[in-house]
Amino acid sequence: MRQDKPGVLLVNLGTPDAPTTPAVKRYLKQFLSDPRVVDAPRWLWWPVLNTVILPFRSPRVSKLYASVWMEGGSPLLVYSKRQRDALAARVDMPVELGMSYGNPSLKSAVDKLMGQGVTRLIVLPLYPQFSCSTVAAVWDGLTTVFRGYRSLPDVQFIRDYAEHPAYIAALKATVERSFERHGQPDLLVLSFHGIPQRFANEGDDYPQRCADTTAALVNALGLREDQYMMTFQSRFGREPWLMPYTDKTMEGLPAKGIKHVQVMSPGFSSDCLETLEEISGENCEIFMHAGGEKFEYIPALNADEAHIDMMVQLVDARR
């Protein structure tokens, strides 16, 4: 009789192996070659990617990575490994970490789990809100990996957890700690990673899932409508992305009398370049230069105990 043995696969976006131009170029090429991320026709996008984007963007991005690099690697990798280790200590099953792009790869993580005799794979993409550009890319990556297997495990795929009570409770606790430490701001800004507006028009429910998280969190915090705002960051390219844009919002707030803001990025399970450099660095500078007086970034949940509690609940529900 086939014995049931569950295992957990945590998946995050990915990271360069080093804060150097060659490493960043390799990473960006893999990332930006995924049709889930950039769905332009290959004949049009490939020459632009290889002759314009990679040569000019890689040196600049490598410097940004160097500004946040940690002893154990990029922040996203360091915190994702801590999450993996903390979850593994709480559940009696194998837990591995894979990245959609870069290392450790999805294939290496799946190979380790299958090598331990796992027959039921619980896949937890570390994206609280579903998007075709992130969660669906994990699905695609898994199907590619499994093409090399003669036998497949049962798969329990966690689509997202935008409104999970434990996720909202963990976010609420981090906001309350920040309010207690720095005082309640004039405005709490919830900055989510953006996607092209076209993706939403074509059926991606990501904007709604961000709104669901925002509604649940502000309800838990008891905030009035004028005490919070939802924005979108990290746009790329020339086509319209989800609005309002975080950077443009920061630029305009002081003129409206908003002098003290606190910003969190609930869509990021781990601190990374987009939170530590873009939000805590670049957007702070934009706000202060425009006349703001106080800016605090509220860290991602990372390996916070309440965050790991949520992961345990998600996994246990699919044992």
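The values are calculated or read from the model by the stated rules, or taken from the named source; none is laboratory data. This is a predicted model, so every value here is computed, not measured. Glycine gets a Cβ as well: all are built from the backbone with ideal geometry, and neighbour counts include every protein chain shown. These accessible areas exclude ligands, DNA and RNA; they are computed on the full protein's heavy atoms, side chains included. Shrake-Rupley method; radii C 1.70, N 1.55, O 1.52, S 1.80 Å.
Within segment 170-183, the presence of at least one residue that is part of a loop (DSSP other than H, G, I, E, B), more than 29 Å from Leu97 (Cβ to Cβ) and either open to solvent by less than 40 Å² (accessible area, probe 1.4 Å) or in contact with a strand residue (DSSP E or B) (Cβ under 7 Å, 6 or more places away or on another chain) (or both) is confirmed. Looking at the structure I just gave you, is Val110 aliphatic (A, V, I, L, M), within 20 Å of Gln156 (Cβ to Cβ) and surrounded by fewer than 20 Cβ atoms within 10 Å (Cβ to Cβ)? No: the conditions fail for Val110. Among the residues making up segment 21-39, those that are in a loop (DSSP other than H, G, I, E, B) and either more than 13 Å from Gly102 (Cβ to Cβ) or small (Gly, Ala, Ser) (or both) are Ser33, Pro35, Arg36, Val37, Val38, Asp39.
Considering only segment 21-40, state which residues are open to solvent by 60 Å² or more (accessible area, probe 1.4 Å) and out of contact with any strand residue (DSSP E or B) (no Cβ under 7 Å at 6 or more places or on another chain).
Scanning segment 21-40 gives Pro22, Lys25, Arg26, Lys29, Pro35, Arg36, Asp39.
Taking the options Pro104, Pro128, name whichever one is open to solvent by less than 20 Å² (accessible area, probe 1.4 Å) and not basic (Lys, Arg). Residue meeting the stated conditions: Pro128.
Evaluated against (1) within 12 Å of Leu9 (Cα to Cα); (2) outside any loop (DSSP other than H, G, I, E, B), Leu77 falls short on exactly one condition, (1). Residues in segment 192-213 that are over 14 Å from Cys132 (Cα atoms) and surrounded by fewer than 19 Cβ atoms within 10 Å (Cβ to Cβ): 2 in all.
Among Val155, Val138, which is the only one that is within 21 Å of Arg318 (Cβ to Cβ), in contact (Cβ under 8 Å) with a residue 12 or more places away in the chain and open to solvent by 60 Å² or more (accessible area, probe 1.4 Å)?
Val155
Being among the charged types (D, E, K, R), more than 27 Å from Gly73 (Cβ to Cβ) and either in contact with a Lys or Arg (Cβ under 7 Å, 6 or more places away or on another chain) or crowded, with 17+ Cβ neighbours inside 10 Å (or both) holds for only one residue in Glu239, Glu278, and it is Glu239.
Among the residues making up segment 214-236, a single one is open to solvent by less than 30 Å² (accessible area, probe 1.4 Å), under 16 Å from Ile195 (Cα atoms) and hydrophobic (A, V, I, L, M, F, W, C): Phe232.
With the structure loaded, tell me whether Val91 is open to solvent by less than 40 Å² (accessible area, probe 1.4 Å), more than 23 Å from the chain's Cα centre (by Cα) and closer than 26 Å to Asp271 by Cβ or whether it fails that test. It is true that Val91 is open to solvent by less than 40 Å² (accessible area, probe 1.4 Å), more than 23 Å from the chain's Cα centre (by Cα) and closer than 26 Å to Asp271 by Cβ. Considering segment 55-83, and only residues there that are in contact with an Asp or Glu (Cβ under 7 Å, 6 or more places away or on another chain) and open to solvent by 30 Å² or more (accessible area, probe 1.4 Å), the residue that is nearest to Val312 (Cα to Cα) turns out to be Tyr79. Output the residues belonging to segment 186-220 that are part of a strand (DSSP E or B) and among the acidic types (Asp, Glu). None; the set is empty. Assessment of segment 272-281 against the conditions (among the polar types (S, T, N, Q) and on the phi < 0 side of the Ramachandran plot) yields at least one matching residue.
The residue of segment 287-319 that is farthest from Gly257 (Cα to Cα), among those that are open to solvent by less than 20 Å² (accessible area, probe 1.4 Å) and either without any contact (Cβ under 8 Å) to a residue 24 or more places away in the chain or among the small types (Gly, Ala, Ser) (or both), is Ala300.
Filtering segment 41-54 down to residues that are farther than 27 Å from Ala200 by Cβ and free of Cβ contacts under 8 Å to residues at least 24 places away in the same chain, which residue is surrounded by the most Cβ atoms within 10 Å (Cβ to Cβ)?
My answer is Asn50.
Look at segment 252-299 and say how many of its residues are under 29 Å from Asp205 (Cβ atoms) and over 20 Å from the mean Cα position of the chain (by Cα). So the answer is 3. List every residue pair whose Cβ atoms lie under 8 Å apart, where the two residues are 6 or more positions apart in sequence or sit on different chains, the first residue falls within segment 218-239 and is within 29 Å of Ile53 (Cβ to Cβ), and the second residue, located anywhere, is assigned to a loop (DSSP other than H, G, I, E, B) and among the hydroxyl-bearing types (Ser, Thr, Tyr). Sorted first by the residue in segment 218-239, then by its partner, the pairs are Gln233/Ser265.
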